1. If you filter the stretch 21-98 for trypsin sites (Lys or Arg not before Pro), then keep DSSP loop positions with at most 16 other Cβ within 10 Å, what is left?
2. R0 = 30 Å: FRET efficiency of residue 171 with residue 196, Cβ-based, nearest 0.05?
3. Among 184, 228, 30, determine the one that fluctuates most according to a GNM of the chain built with springs between C-alpha atoms less than 10 Å apart.
4. List, in order, the whole-Hz ³J(HN,Hα) value for each residue of the stretch 144-159 obtained from phi through the Karplus relation with A = 6.51, B = -1.76, C = 1.60 and θ = phi - 60°; use x for Gly and Pro.
5. Please sort by residue number the trypsin sites (Lys or Arg not before Pro) in the stretch 99-182 whose DSSP state is loop and whose Cβ has at most 12 other Cβ atoms within 10 Å.
6. How do 135, 109 rank when sorted from fewest to most other Cβ atoms within 10 Å of their own Cβ?
7. Out of residues 5 or more away from residue 162 or on other chains, whose amide H comes under 5 Å of its own, with H placed 1.01 Å from N in the peptide plane?
8. I want the antiparallel fraction of DSSP beta bridges within the chain, as a percent rounded to 5.
Amino acid sequence: MYIVTGATGNTGSVVAKTLLEKGLPVRVIVRNRAKAAELEQLGAEIAVADLHDAAALTEALQGGKVVYLMNPPAPESENLLLEAEKVIAAFQTASANSALEKIVALSSIGSQLSHGTGNILTTYKLEQAFESSKIPVTFIRAGSFMENWNAVLETAKNQGVLPSFFQPLDRKIPQVAAADIGRVAAEAMQEKTSGVEIKELAGFWTSPDETAEAVGKVLGREIKAVAVPKDQWTGILSHYNSPKNAESVAEMFQGFNSGHIKFATENQIAGKITLEDYAREALK
């Protein structure tokens, strides 16, 4: 049995559907059964559990062979790191009481770093927790999600500008589509490995200027990337996060911009979905 957490989210849904398409047995762990109706129709078994609940998670993992683990986003939480630590602790307990043969976990670029990475510190904690796991683990260290641009696509469409926290605007960063992350994770779940393995998934190295160009091609008009002034970052980010988490996200952007946040190796996996592919789908 292949078990998928976060199955109603961007990456988890791709993992589940990819495995189901191959005719593999899949169980998805969700908090709200109704949201998993499509996956259930496709043949997935449904387990309802909160990832903070070690007992419920232990039950959901019973009979499982491989699991896809991700920390659910909690932007409105007052303490993102504490929320992540609760999930990690519950999963450590549940996996120790399971017969799992492998864990595939969603991590991030920069997760080898213990400071100066903002909310990426949550995946650093995840990697540290399972670095001595008796169960083989594969961490997918993904670049910046292309979907992070979703919040400013309407601005691009209506005003012809693409606001960017990534700066300078011509500096290339690794950007990867959630669908590519899900695909790579599903492939990793079917691979037999030992110990701890790290896959660094870059996607495409592209700049905010190139992102604006890709969005412009889809919209059929010129789109210009514009740098968001640093003194406005936390105010803007507070519209989508608690104040403390807004500061954490701002630190992450600063880490990217300074070059502090980077991959640990040069052995990176390329993506298949381009920025133009992403923009075409997102702007439907």
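Every number here is computed from the coordinates shown, using simple stated rules; none is lab data. As the structure is a prediction and not an experimental result, all values here were calculated from the model. When we count neighbours, we look across all protein chains shown, and the Cβ atoms used for this are built from the backbone with ideal geometry, even at glycine.
1. Sparse-neighbourhood loop trypsin sites (Lys or Arg not before Pro): 22, 31, 65.
2. Calculated value: 0.45.
3. In the Gaussian network model the winner is 228.
4. So the J values, rounded to whole Hz, are 5, 5, 4, 5, 5, 7, 3, 5, 10, 5, 5, 4, 4, 5, 8, 10.
5. 134
6. 135, 109
7. For residue 162, the qualifying residues are 224, 225, 226.
8. Antiparallel bridges: around 10 percent, rounded to the nearest 5.
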